[in-house]
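Below is one structure; the comments refer to it alone.
The values are calculated or read from the model by the stated rules, or taken from the named source; none is laboratory data. Fair warning: this is a prediction, and the values are worked out from it, not measured in the lab. In this analysis, Cβ positions are derived from the backbone assuming ideal geometry, glycine residues included, and neighbour counts consider all displayed protein chains.
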Amino acid sequence: MCGIVGYIGKRHVVNTLIDGLKRLEYRGYDSAGIAVMENNSISVIKAKGKVSELQKKVAEKLPASASSDISSGIAHTRWATHGPPTEINAHPHTDNSGRIAIVHNGIIDNYVELKKHLSAKGHKFVSETDSEVIAHLIAECFEGDIVQAVAAALKKLEGTFGIAVMCADTPDVLVAARRGSPIVIGVGNSETIIASDISAIISYTKRVIFLNDNDIAMVSAEGIDIRSLDNVPVSRETAHIDWDAEAAEKGGYEHFMLKEIFEQPAAISNAIRGRLDETQANGILSGLNLSAREMAMINRIVIASCGTSMHAGMMAEYYFEDLANIPTEVEQAAEFRYRNPIIEPNTLVLAISQSGETADTLAAVREAANKGAIVAGICNVVGSTIARETGQGLYIHAGPEIGVASTKAFTCQVAVLLIMALKFGRGRRLSRHDGMKLVEEIKSIPALVTQVLEKASDIERIAKKYADAEDFFYIGRGYLYPVAMEGALKLKEISYIHAEGYHAAELKHGPIALLERKVPVIALANDIPGKDKMIANMQECRARKSPVIATATIGDEEIKTYSEDIIWIPRSSQLITPIPTVVALQLFSYYVAKERGCSIDQPRNLAKSVTVE
Ligand code: AGP
């Protein structure tokens, strides 16, 4: 996620802004920038890479002597969504006059048409970003009052924003506003700080005001005035935050992993935003440079990935075959790269990778390309190597994932792959009616995940009950089989418990020999096709004295007969239920690991991105 800092007040402005950016570094970013007000003119300095790179440039371009003339400023760390991580694409962005500067968090859905409209009016754009449009739009609306100009511009935006704005014509104020991307304002003594999260503020003041959606604030050193975009005054209470700085980085959560688990409704909303065509009952895959005819010619899909991303690929195999009737296979990327895979001209090779840097997956991409495959990437990190080398694909917009154990990236991967299968399906035999039904189901995913998160304490209770086990089995069928695999991986990697994921039918072909009272089994018994067979598998496990913890669809009371404990999942179809179910298993793993006192965000032996073989 990008980071925003704005400051106006008595302190050294540049130092305060840089300090604020450093407190936001944990969020992950790829470039940074600063704009300062100096004698009624704005100076902008930006750098690719770390804040330390920006600091070097600032030291060169803003001599220490200038600091007393600098009265305010805004700053930004960028997590690229539109346009690769470059100095030009870094924020702040300005209008052509250089008298308006903005920093932005969020995604502007209608930036292409706005950019065309503004270009036709003579505005010259320099970056590939959606955010730059905001600076030009404010300039276009400016008639002397910066707050009114910002409000007028924001009303034309579709999508999400958290912004801070400065204008050389009104050097004594900053403007902040939000819709869907947080903005918090720290109220100090003769100083005011704007930020995208509390961690940049907490060391200066604990008195904060959270803007609501469509609030716009005029910020001066003496205080703030908050209004609606229609210029109606609104009052927002001043909260007192008692977190310390470290707690603030995690948004008040104890671990990044827990924060990222709870971010999933918002992350999944970002992943699907702008990708569902409700008119055509179809998916929108703007990052895929394939015509409808080229997509229709694809007669086989091979998915190359590792770890959690491979489990997302297993989900995609079911989606592509069921919805689009395209033969699909999932390959462990290291296996794919060495086994001389069969690739034909109409084979699509999909590389799924959160980091976009996994060595085996990158090697698989190169092997596929050498064999003439059509290659595409499903990545989270914009501008990552796999994203660049595939040359086409879809970003999952999950935001930076700090916890080594992947959570929100997985659910966003699955959501994007489902939309991809919808697109392929509608280009084949999937009817408009069935397509529309699926569009509505996909839109419901964030709410389903929220329902699971609201039951976190129930899951915590069950997790504590079984935290002493040294072996676990996870079993699933159909669409829940990949979820069993992913659930077992989550438990393994953060609690160090030996956990095996299996297809439920596979147990009796050997693994059942391991079942006994001290070996719990997590059985994914949601109410989807195959549940009756799952119940039989649960009975097999209990006959061997293994306690069974079942996931079950809310209201499906019969499951109580076959299990010791139940994690309830809101009802949804077999296509959708894997996502709320895996969130429940993420929470289960988290609470088990916490009970065992494990290092949850940085588990032993693990790296967030495996960039070596
Ligand atoms: C997932 O929790 C693990 N951290 C690991 O399996 C990861 O999914 C795997 O290394 C692939 O990483 P990637 O998605 O960045 O390619």
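Values computed for the structure shown
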| quantity | calculated |
| --- | --- |
| Condition check for V404: of a type in the set (A, V, I, L, M), surrounded by fewer than 21 Cβ atoms within 10 Å (Cβ to Cβ) and out of contact with any Gly (no Cβ under 8 Å at 6 or more places or on another chain) | yes |
| Test result for V349, away from the ligand (no atom under 11 Å from the Cβ), touching a residue at least 40 places away in the same chain (Cβ under 8 Å) and not in a loop (DSSP other than H, G, I, E, B) | yes |
| Which listed residue is surrounded by fewer than 18 Cβ atoms within 10 Å (Cβ to Cβ) and in a strand (DSSP E or B), from D242, D225, D230 | D225 |
| So V302, is it under 26 Å from the mean Cα position of the chain (by Cα), β-branched (V, I, T) and within 14 Å of the ligand (Cβ to nearest atom) | no |
| Extreme residue, surrounded by the most Cβ atoms within 10 Å (Cβ to Cβ), among residues of the stretch 382-396 that are within 15 Å of the ligand (Cβ to nearest atom) and either touching a residue at least 60 places away in the same chain (Cβ under 8 Å) or assigned to a strand (DSSP E or B) (or both) | I396 |
| Enumeration of residues in the stretch 44-70 that are in a helix (DSSP H, G or I) and basic (K, R) | K56, K57, K61 |
| Cβ pairs under 7 Å, 6+ apart, first in the stretch 463-480 and touching a residue at least 24 places away in the same chain (Cβ under 8 Å), second basic (K, R) and outside any loop (DSSP other than H, G, I, E, B) | R477/K533 |
| Filter pass, G501 being in a strand (DSSP E or B) and within 16 Å of the ligand (Cβ to nearest atom) | yes |
| Filter pass, V521 being β-branched (V, I, T) and within 16 Å of the ligand (Cβ to nearest atom) | no |
| Some residue of the stretch 563-575 being more than 15 Å from A488 (Cβ to Cβ), of a type in the set (D, E) and not in a strand (DSSP E or B) | yes |
| Residues within the stretch 196-238 that are out of contact with any helix residue (DSSP H, G or I) (no Cβ under 8 Å at 6 or more places or on another chain), of a type in the set (A, V, I, L, M, F, W, C) and farther than 19 Å from H76 by Cβ, tallied | 7 |
| Given (1) under 30 Å from A364 (Cβ atoms); (2) within 16 Å of the ligand (Cβ to nearest atom); (3) out of contact with any His (no Cβ under 7 Å at 6 or more places or on another chain), index of the condition D601 fails | (3) |
| Hey, A359 within 16 Å of the ligand (Cβ to nearest atom) and crowded, with 24+ Cβ neighbours inside 10 Å or not | no |
| Residue ranges of strands (runs of 3 or more DSSP E) in the stretch 104-200 with at least 3 members over 24 Å from the mean Cα position of the chain (by Cα) and among the hydrophobic types (A, V, I, L, M, F, W, C) | 161-167 |
| Filtered residues of the stretch 421-436 (kept if aliphatic (A, V, I, L, M) and over 16 Å from N299 (Cβ atoms)) | L422, L430, M436 |
| T611 vs. criteria in contact with a helix residue (DSSP H, G or I) (Cβ under 9 Å, 6 or more places away or on another chain) and more than 16 Å from the ligand (Cβ to nearest atom) | no |
| Close pairs (6 angstrom Cβ cut-off, 6 or more residues apart or separate chains): closer than 21 Å to E367 by Cα in the stretch 303-332, assigned to a helix (DSSP H, G or I) and away from the ligand (no atom under 14 Å from the Cβ) anywhere | T328/E317; T328/F320; T328/E321; V330/E317 |
| Residue that is nearest to the ligand (Cβ to nearest atom), among those in the stretch 310-346 that are surrounded by fewer than 17 Cβ atoms within 10 Å (Cβ to Cβ) and part of a loop (DSSP other than H, G, I, E, B) | R339 |
| Restricting the stretch 265-287 to residues that are assigned to a loop (DSSP other than H, G, I, E, B) and crowded, with 19+ Cβ neighbours inside 10 Å, the residue that is farthest from the ligand (Cβ to nearest atom) | A281 |
| Check on I442, of a type in the set (A, V, I, L, M) and modelled with pLDDT of 95 or more | yes |
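Residues are listed down the side, and each one gets a yes or a no for (1) closer than 27 Å to S495 by Cα; (2) at pLDDT 95 or above:
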| position | (1), (2) |
| --- | --- |
| S309 | yes, yes |
| M314 | yes, yes |
| A351 | no, yes |
| S355 | yes, no |
| A359 | yes, no |
| T385 | no, no |
| Y395 | no, no |
| P400 | yes, no |
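Residues are listed down the side, and each one gets a yes or a no for (1) of a type in the set (G, A, S); (2) farther than 27 Å from A398 by Cβ; (3) without any contact (Cβ under 8 Å) to a residue 60 or more places away in the chain:
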{"site": "F210", "(1), (2), (3)": "no, no, yes"}
{"site": "N231", "(1), (2), (3)": "no, yes, no"}
{"site": "H240", "(1), (2), (3)": "no, yes, yes"}
{"site": "Y253", "(1), (2), (3)": "no, no, yes"}
{"site": "F256", "(1), (2), (3)": "no, no, no"}
